[in-house]
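Q: Starting off with a structure, shown below.
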Ligand code: PBG
């Protein structure tokens, strides 16, 4: 039936009805807050390009997670800033590595109340800032699998609830799955950063995690932003290798990839609303150029609408506050 019998505006006139027919709802259950943990005590180093975010020592991280939980957000994604770095990232594979210590402290305080996702990568831990071991000036895929598996196992032993490899090496899900299974962690899920693009949107994060590459770039392992078919191959392979959740990253410029993944596969999807996406909104908001809160909700809603089940975002606390006030 066409106009004038059909009038689509009819369903938009009453706010209660408008809510009733809303197709997408964002909930605190969807959100994951990324956090940066550093050595020391009582350390809070604000990250200048990411207002409201800081590198936190373990004691303050524990406090911060208390605030996050009080707002109703139940999951965090941890990144570490180590005391020292080395050639291969071996500093991230021990009982006393920074994230492992943080996980134990958080688990001691919050137990199962807090779902801890541990990012697995080498870039924060290598002197050169690349995500793997360098051989002849290039990241060596298969050698890197060894450190990734060792780091994953050590994080699982510390109590991580989910292991999330973000390195983009081929075969890492299979290697990590086998290592976890061989050591009694067959029930620890893997959230794979499957379609992770070589993106300028990671800029602020690299300040936050002190992980910028010292030479070259990440284009030989992260994906070309021009590609969508290739993302489907990456995701298909990760599912075959045993990923429990697949991720698309960044989110905003890749909503088509999220939707295509949703339509193609039957698996939970995480989307990472990354640092640059956050900082742009904060900067424009601070200048009074946009309504920060409305822009934030529009972005998060669009990521959910595109098909994401899980949204990793530096806005997690702000979204939770918004939801409790509306
Ligand atoms: C580590 C990693 C990165 C991000 C998450 N894990 C940076 C990178 O690949 O350079 C980016 C997150 C963000 O920008 O918020 N490999």
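Laboratory data are not the source of any read-out in this text; all were calculated from the coordinates shown. In this text, all values refer to a predicted model and were calculated from it rather than measured experimentally.
Q: How would you classify the stretch 31-144 from its alpha-carbon gyration tensor, with a ≥ b ≥ c the square roots of the eigenvalues: rounded for a/c under 1.5, else prolate if a/b is greater than b/c, otherwise oblate?
A: Taking the square roots of the gyration eigenvalues as a ≥ b ≥ c, the stretch 31-144 is prolate.
Q: Same structure, new question: Using alpha carbon centroids, what distance separates the stretch 215-240 and the stretch 107-136, in Å?
A: The stretch 215-240 and the stretch 107-136 have Cα centres separated by 20 Å.
Q: On to the next question. Quick one: check the C-alpha center-to-center distance for the stretch 241-320 versus the stretch 14-57, whole angstrom.
A: 11
Q: Can you tell me which of 294, 260, 206 moves the most in a GNM of the chain? Springs connect C-alpha atoms under 10 Å apart.
A: With Cα springs under 10 Å in the chain, the top fluctuation among 294, 260, 206 is at 294.
Q: Rounded to the nearest 10 degrees, what's the angle between the helix 98-110 long axis and the longest principal axis of the chain, both from Cα atoms, 0 to 90?
A: It is inclined by approximately 60 degrees.
Q: Hey, any idea what Rg/Rh is for the stretch 156-213, computing Rh the Kirkwood way over Cα pairs?
A: Here the Rg-to-Rh quotient is 1.05.
Q: Rounded to two decimals, what is the ratio between the C-alpha radius of gyration of the chain and 2.2 N^0.38 Å?
A: Computed over Cα atoms of the chain, the ratio equals 1.01.
Q: Do the sum for the chain: with -39,500 (n - 2.57) for every DSSP H run of n ≥ 4, divided by all residues, what is the mean residue ellipticity at 222 nm, to the nearest 500 deg cm²/dmol?
A: The helix contribution divided over the chain gives -12000 deg cm²/dmol.
Q: Work out the P(r) tail for the stretch 1-61: percent of alpha carbon pairs separated by more than 16 Å, whole number.
A: 68
Q: Using Cα pairs closer than 8 Å and at least 6 residues apart in sequence, work out the relative contact order for the stretch 193-326, in percent.
A: 26
Q: Pairing the Cα long axis of helix 58-70 with the longest principal axis of the chain, what angle in degrees results, from 0 to 90 and rounded to the nearest 10?
A: For 58-70 against the chain, the angle is about 20 degrees.
Q: Need one word for the stretch 209-264: rounded, prolate or oblate. Basis is the Cα gyration tensor (sqrt eigenvalues a ≥ b ≥ c); a/c below 1.5 gives rounded, then a/b vs b/c decides.
A: prolate
Q: Another question about this same structure. Below 8 Å, C-alpha to C-alpha, sequence gap of six or more: please give me the relative contact order for the stretch 25-324 in percent.
A: Computed over the stretch 25-324, the figure is 19 percent.
Q: Assign one of three labels to the stretch 92-203, namely rounded, prolate or oblate, based on the Cα gyration tensor with a ≥ b ≥ c the square roots of its eigenvalues; rounded applies when a/c is under 1.5, prolate when it is not and a/b is larger than b/c, and oblate otherwise.
A: Cα axes put the stretch 92-203 in the prolate bin.
Q: What is the angle, in °, between the Cα long axis of helix 172-182 and the longest principal axis of the Cα atoms in the chain? Nearest 10 is fine, range 0 to 90.
A: That works out to roughly 70 degrees.
Q: Calculate how many DSSP beta bridges within the stretch 25-324 are antiparallel, expressed in % of all such bridges and rounded to the nearest 5.
A: If we restrict to bridges inside the stretch 25-324, about 15 percent are antiparallel.
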